[in-house]
Amino acid sequence: GAVVSQHPSRVICKSGTSVKIECRSLDFQATTMFWYRQFPKQSLMLMATSNEGSKATYEQGVEKDKFLINHASLTLSTLTVTSAHPEDSSFYICSAPLGIGYEQFFGPGTRLTVL
Amino acid sequence: QKEVEQNSGPLSVPEGAIASLNCTYSDRGSQSFFWYRQYSGKSPELIMSIYSNGDKEDGRFTAQLNKASQYVSLLIRDSQPSDSATYLCAGGGAGSYQLTFGKGTKLSVIP
């Protein structure tokens with residue numbers, strides 16, 4: 001079964017609004033989670049590393065004030081897209097590592113459409 | 001800069017054939033390697049992990065790792081149309097959860 005969940009799976013919003021996406025690890029604790037973005041027919045792009053108890057680490061070119069990440073607990077990380085614009089429309093996917101082998105398990109993803 | 005390279009494809013194989021997917025990596029410090037399968041519109045799904053040189057088999061899948069050549073491969077035996085997807089290769093360093101992903105190889109299995 002799934003080890004990482006995401007909510008919502010799909011969201012449509014108006015330009016200028018903020019959207020919060022939740023990522024939960026199921027039955028295990030994740031001090032670190034990752035947020036990716038994927039545009040149609042393109043590869044995964046790591047946006048940021050979410051760290052429980054400390055600030056997120058953002059990849060170069062990702063605006064930290066626009067993509068707010070909060071690792072609220074050992075099983076929950078949230079990504080808030082603030083003042084969303086049509087160019088933010090994308091597939092947002094989180095992942096969490098599990099086990100000593102550092103395998104990353106992905107959530108099912110959230111498809112964001114900004115009108 | 002750490003890089004993982006994959007041929008983008010598409011790679012087309014007939015049903016029942018062996019599909020061979022290849023990947024090279026630049027960081028000699030990489031310790032762990034993974035293959036993910038991603039169907040269109042879905043998130044990646046882990047299918048194989050490999051940590052030491054040699055082969056690792058799981059059902060119809062065999063992962064191969066050659067650290068000297070910095071090369072990872074995935075063989076899919078008796079390919080099925082349901083195997084049609086994009087396959088992502090990823091490498092991880094020692095003591096780090098972060099993975100470096102390749103851009104993926106699109107596989108089409110023709111009935």
Checked B:Thr105, B:Thr100, B:Thr62 against criteria (touching a residue at least 40 places away in the same chain (Cβ under 8 Å) and under 16 Å from B:Ser49 (Cβ atoms)); the one match is B:Thr100
Hey, can you tell me all the residues within the range B:90-111 that are crowded, with 24+ Cβ neighbours inside 10 Å and among the hydrophobic types (A, V, I, L, M, F, W, C)?
-> B:Ala90, B:Leu99
Of all residues in the range B:42-78, count the ones that are in a loop (DSSP other than H, G, I, E, B), within 14 Å of chain A (Cβ to nearest Cβ) and of a type in the set (A, V, I, L, M).
-> 0
For the range B:40-48, does any single residue satisfy the condition of being within 12 Å of B:Leu107 (Cα to Cα) and in contact (Cβ under 8 Å) with a residue 24 or more places away in the chain?
-> yes
Members of the range A:1-11 that are surrounded by 12 or more Cβ atoms within 10 Å (Cβ to Cβ) and modelled with pLDDT of 95 or more | A:Val4, A:Ser5, A:Gln6, A:His7, A:Pro8, A:Ser9, A:Val11
In this structure, does B:Gln31 turn out to be within 14 Å of chain A (Cβ to nearest Cβ), assigned to a strand (DSSP E or B), under 30 Å from A:Glu52 (Cα atoms) and of a type in the set (S, T, N, Q)?
-> yes
Restricting attention to the range A:16-23, does a residue exist that is more than 29 Å from B:Tyr51 (Cβ to Cβ), of a type in the set (S, T, N, Q) and in contact with a helix residue (DSSP H, G or I) (Cβ under 8 Å, 6 or more places away or on another chain)?
-> no
Taking A:Tyr36 as meeting all but one of (1) over 18 Å from B:Tyr36 (Cβ atoms); (2) touching a residue at least 24 places away in the same chain (Cβ under 8 Å); (3) hydroxyl-bearing (Ser, Thr, Tyr), write down the number of the exception.
-> (1)
Name every residue in the range A:79-115 that is surrounded by fewer than 15 Cβ atoms within 10 Å (Cβ to Cβ), without any contact (Cβ under 8 Å) to a residue 60 or more places away in the chain and more than 7 Å from chain B (Cβ to nearest Cβ), in order of residue number.
-> A:Glu87, A:Gly99, A:Ile100
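The values are calculated or read from the model by the stated rules, or taken from the named source; none is laboratory data. Please read these numbers as outputs of a predicted model, since none were measured by experiment. Note that we place each Cβ from the backbone using ideal geometry, even for glycine, and neighbour counts take in every protein chain shown.
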